[in-house]
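Below is one structure; the comments refer to it alone.
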Amino acid sequence: MTYAHWLQDFETEAARRRQREDPPWSRGARLHPDVARSVQRFQVGEAGDGANLIAKAAGDDGYLAAVKLFVAEEQNHARMLAELLGAAGVPMVASHWSDTVFVRLRRALGLRLELMVLMIAEVVALRYYRALRDGTDDPLVTQVAARILADEERHVPFHCHRLRIAFESLPKAVRAAVFGGWRVLLLGVALTVAADHGPALRRLGVGRLAFVADVLTAFEAALARIRGEEPKPKPRYNPKRARPRGLL
């Protein structure tokens, strides 16, 4: 399987980003202190240089080129979050323990483990940026979160593609065991994020348990992609079936 279509997708997005104006930082932003602290931590997580992932992607020119553009998008997220914090008069933080743990896990072994850990961060980000987009009435916050969320929604299928290739040669029993352990790790991370960012999530209208449940749902959808399972088609609406009895 080649990465030509993914590379084209990233290149198209990079060109669109160059032509699109930045959000209007000068208008300022309003961030509740709980949300501001949460955004500070996510900004740190987005700010890595991606050098380790890029090094592990070497050997497949198409994939390597796509990974470099993926890293550039993540760095753009960090830049936009930094600008958003600045617009709200909130300083950045240099580090956070959760990011340190993620980085060490990702660097522990090879590309497959790095992508497995990265996938956890991506599905958590899907729910977080959706909450940030939908849970605030500040136009600048909404715009930044929407842009980042749109990128993350493209990133998850990209990583699923590579992980599907990485797992397809393993026996089903081994895959099932790995996926089971992966679920446990994901659950631990989701619970930790929900606890650590709980005050911000409440401000954004999302309960801790609802956040965890949504992350788990997104993760299961990603696992289905990795297993090569096609999404089940939604049943078509049938007005005759929907008509209540006794009205015929």
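The values are calculated or read from the model by the stated rules, or taken from the named source; none is laboratory data. Values in this document were obtained by computation on a predicted structure and should not be read as measured data. When we count neighbours, we look across all protein chains shown, and the Cβ atoms used for this are built from the backbone with ideal geometry, even at glycine.
Answer yes or no: is there a residue in the stretch 161-168 that is of a type in the set (A, V, I, L, M, F, W, C), within 18 Å of residue 128 (Cβ to Cβ) and crowded, with 18+ Cβ neighbours inside 10 Å. Break it down into steps so the answer makes sense when it comes.
We begin by selecting, within the stretch 161-168, every residue of a type in the set (A, V, I, L, M, F, W, C); these are 163, 165-167.
Add one more test, that the residue is within 18 Å of residue 128 (Cβ to Cβ), and what stays is none.
Scanning the stretch 161-168, I find no residue that is of a type in the set (A, V, I, L, M, F, W, C), within 18 Å of residue 128 (Cβ to Cβ) and crowded, with 18+ Cβ neighbours inside 10 Å, so the answer is no.
Taking the condition of being assigned to a helix (DSSP H, G or I) and touching a Gly at 6+ places or on another chain (Cβ under 7 Å), how many residues in the stretch 204-230 meet it?
Within the stretch 204-230, the first condition is being assigned to a helix (DSSP H, G or I), and the residues that meet it are 208-226.
Adding the requirement that they be touching a Gly at 6+ places or on another chain (Cβ under 7 Å) leaves 208.
Number satisfying all stated conditions: 1.
Out of curiosity, is residue 150 among the small types (Gly, Ala, Ser) and at pLDDT 95 or above?
Numbers: among the small types (Gly, Ala, Ser): yes; at pLDDT 95 or above: yes.
Yes, satisfied.
Six or more apart or on different chains, Cβ under 6 Å: which pairs go from a residue in the stretch 155-184 that's within 16 Å of residue 229 (Cα to Cα) to one that's at pLDDT below 90 and assigned to a helix (DSSP H, G or I)? Could you list them?
166/112
Evaluate the stretch 157-174: report whether one residue or more is out of contact with any Asp or Glu (no Cβ under 9 Å at 6 or more places or on another chain), of a type in the set (S, T, N, Q) and assigned to a helix (DSSP H, G or I).
No, the stretch 157-174 contains no residue that is out of contact with any Asp or Glu (no Cβ under 9 Å at 6 or more places or on another chain), of a type in the set (S, T, N, Q) and assigned to a helix (DSSP H, G or I).
Each row is one residue, and each column tells you yes or no for (1) within 24 Å of residue 124 (Cα to Cα); (2) not hydroxyl-bearing (Ser, Thr, Tyr).
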position	(1), (2)
4	no, yes
10	yes, yes
30	yes, yes
35	yes, yes
38	yes, no
48	yes, yes
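Pairs needed: first member in the stretch 1-12, over 12 Å from residue 157 (Cβ atoms) and modelled with pLDDT under 95; second member anywhere, surrounded by fewer than 12 Cβ atoms within 10 Å (Cβ to Cβ) and of a type in the set (S, T, N, Q); C-beta distance under 8 Å; at least 6 residues apart or different chains.
none
Would you be able to say whether some residue in the stretch 33-47 is in contact (Cβ under 8 Å) with a residue 12 or more places away in the chain, closer than 30 Å to residue 167 by Cα and not hydrophobic (A, V, I, L, M, F, W, C)?
For the stretch 33-47, residues in contact (Cβ under 8 Å) with a residue 12 or more places away in the chain, closer than 30 Å to residue 167 by Cα and not hydrophobic (A, V, I, L, M, F, W, C): present.
In the stretch 51-105, how many residues are at pLDDT below 80 and not in a helix (DSSP H, G or I)? Give the derivation first.
Here is the first cut: in the stretch 51-105, the ones at pLDDT below 80 are 94-105.
With the extra rule that they be not in a helix (DSSP H, G or I), the set shrinks to 94-96.
Selection size over the stretch 51-105: 3.
Identify all residues within the stretch 1-16 that are surrounded by 18 or more Cβ atoms within 10 Å (Cβ to Cβ) and not in a helix (DSSP H, G or I); write none if there are none.
Hit for the stretch 1-16 is 3, nothing else.
Rundown of residues vs (1) within 20 Å of the chain's Cα centre (by Cα); (2) small (Gly, Ala, Ser); (3) under 16 Å from residue 122 (Cα atoms), yes/no style:
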{"site": "163", "(1), (2), (3)": "yes, no, yes"}
{"site": "171", "(1), (2), (3)": "no, no, no"}
{"site": "191", "(1), (2), (3)": "yes, no, yes"}
{"site": "194", "(1), (2), (3)": "yes, yes, yes"}
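Of everything in the stretch 17-34 that's assigned to a helix (DSSP H, G or I) and either in contact with a His (Cβ under 7 Å, 6 or more places away or on another chain) or not charged (D, E, K, R) (or both), which residue is farthest from residue 201 (Cα to Cα)?
In the first step, residues of the stretch 17-34 are kept if they are assigned to a helix (DSSP H, G or I); the result is 17-19, 25-27, 33-34.
Filter once more, so that each one left must be either in contact with a His (Cβ under 7 Å, 6 or more places away or on another chain) or not charged (D, E, K, R) (or both): 19, 25-26, 33.
On the way: 19: 33, 25: 24, 26: 26, 33: 12 Å.
So, considering only residues that are assigned to a helix (DSSP H, G or I) and either in contact with a His (Cβ under 7 Å, 6 or more places away or on another chain) or not charged (D, E, K, R) (or both), the one farthest from residue 201 (Cα to Cα) is 19.
Evaluate the following for residue 194: is it in a helix (DSSP H, G or I), surrounded by 14 or more Cβ atoms within 10 Å (Cβ to Cβ) and free of Cβ contacts under 8 Å to residues at least 12 places away in the same chain?
So residue 194 fails the test.
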